[in-house]
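Down below is the structure, laid out as structure tokens.
The values are calculated or read from the model by the stated rules, or taken from the named source; none is laboratory data. A quick note: this is a predicted structure, and the numbers were derived from the prediction, not measured. Cβ placement follows ideal geometry from the backbone for every residue including glycine, while neighbour counts extend to all protein chains displayed. Accessible surface areas use protein heavy atoms only, side chains included; no ligands, DNA or RNA. Shrake-Rupley method; radii C 1.70, N 1.55, O 1.52, S 1.80 Å.
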Amino acid sequence: MANKAPQNATRLGRDYIARHGETVYNVARRMQGDHPHTPLTRAGFAQADAMGAALRELLGPRPKLTLWASTAGRALQTLAIIAEHLELDWHQAHTDARLVEIGMGQWSGRYYHEVAQESADFLDLEHGLYRRPPPGGEWYDAIAVRVSGWLADTNDDPGDRLVIMHGMSSRILRGVMTGMDVLPQFAAPVAPDLPQGSIVRIEGGVETLVHRGSGGAAHAAPA
């Protein structure tokens, strides 16, 4: 049950929040986080294709849709494929660094098994989230602040929009947008985990799953 009004519930349009496709880091089980560019795999491209096809069926060709993406290359690659399905101009997309994934600090680029050897319980498997901030990295309350700032600055976007981002940061954004309770152990509202390549629609603070991706869940390889 929500403990506060959803942020930007006054927006007139619908928001489609999507998680990018699988990357080479996901397959290698390396800490990806806010790394600027980790390319999609063939499976990742297939997931982006499926996302584009699902949105095409839902919205039709050339929908009136404002395009947003994280500045990370994997989000932009995913958006390019979706835009082709929708017959929209990828070059008209907006990017914002506030939509990037959690900052990994000293864990950035490291293999999961290496971190697990140093701290076996670093991952909360029930929630698919880290139990503590990475050394020199970011915590979930900081993500909530930056995505809330993005929401406030873009509340006047006209009509519907599509936002391509990441596993953990999208869960915080969705939690903020739907007014979910703050989980004390993570200091932020956290929406349920979804596989890579998934899309939800948020309208008036209410979330609906419109496409379930075929990729891994966040607890398998956060992205």
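So which residues in segment 4-38 are assigned to a loop (DSSP other than H, G, I, E, B) and at pLDDT 95 or above, if there are any at all?
Within segment 4-38, 14, 20, 21, 22 meet the criteria.
Can you pull out every residue in segment 76-93 that is over 12 Å from residue 164 (Cβ atoms) and either open to solvent by less than 60 Å² (accessible area, probe 1.4 Å) or not in a helix (DSSP H, G or I) (or both)?
85, 86, 87, 88, 89
How about segment 9-24: which of its residues are over 27 Å from residue 64 (Cα atoms) and either surrounded by fewer than 22 Cβ atoms within 10 Å (Cβ to Cβ) or of a type in the set (Lys, Arg) (or both)?
Residue satisfying the conditions is 24 alone.
Under 29 Å from residue 116 (Cα atoms), touching a strand residue (DSSP E or B) at 6+ places or on another chain (Cβ under 8 Å) and free of Cβ contacts under 8 Å to residues at least 40 places away in the same chain: is that true of residue 40 in this structure?
Working: under 29 Å from residue 116 (Cα atoms): yes; touching a strand residue (DSSP E or B) at 6+ places or on another chain (Cβ under 8 Å): yes; free of Cβ contacts under 8 Å to residues at least 40 places away in the same chain: yes.
For residue 40, the condition - under 29 Å from residue 116 (Cα atoms), touching a strand residue (DSSP E or B) at 6+ places or on another chain (Cβ under 8 Å) and free of Cβ contacts under 8 Å to residues at least 40 places away in the same chain - is met.
So how many residues does segment 94-111 have that are out of contact with any helix residue (DSSP H, G or I) (no Cβ under 6 Å at 6 or more places or on another chain), in a loop (DSSP other than H, G, I, E, B) and open to solvent by less than 40 Å² (accessible area, probe 1.4 Å)?
Matching residues across segment 94-111 total 4.
Run down 32, 47 and say which single residue is within 28 Å of residue 182 (Cα to Cα) and either surrounded by fewer than 19 Cβ atoms within 10 Å (Cβ to Cβ) or not hydroxyl-bearing (Ser, Thr, Tyr) (or both).
When all the criteria are applied, what remains is 32.
Can you find even one residue in segment 56-69 that is part of a loop (DSSP other than H, G, I, E, B), within 19 Å of residue 163 (Cβ to Cβ), open to solvent by 40 Å² or more (accessible area, probe 1.4 Å) and in contact (Cβ under 8 Å) with a residue 40 or more places away in the chain?
Yes, there is a match, as at least one residue in segment 56-69 is part of a loop (DSSP other than H, G, I, E, B), within 19 Å of residue 163 (Cβ to Cβ), open to solvent by 40 Å² or more (accessible area, probe 1.4 Å) and in contact (Cβ under 8 Å) with a residue 40 or more places away in the chain.
Quickly run through segment 178-204 and pick out the residues that are in contact with a helix residue (DSSP H, G or I) (Cβ under 7 Å, 6 or more places away or on another chain) and among the aliphatic types (A, V, I, L, M).
Across segment 178-204, the qualifying residues are 187, 188, 190, 191, 199, 200, 202.
Would you mind stating whether residue 73 is in contact with a Phe, Trp or Tyr (Cβ under 7 Å, 6 or more places away or on another chain), open to solvent by less than 60 Å² (accessible area, probe 1.4 Å) and of a type outside the set (D, E, K, R)?
No; evaluated as a whole, the condition is false for this residue.
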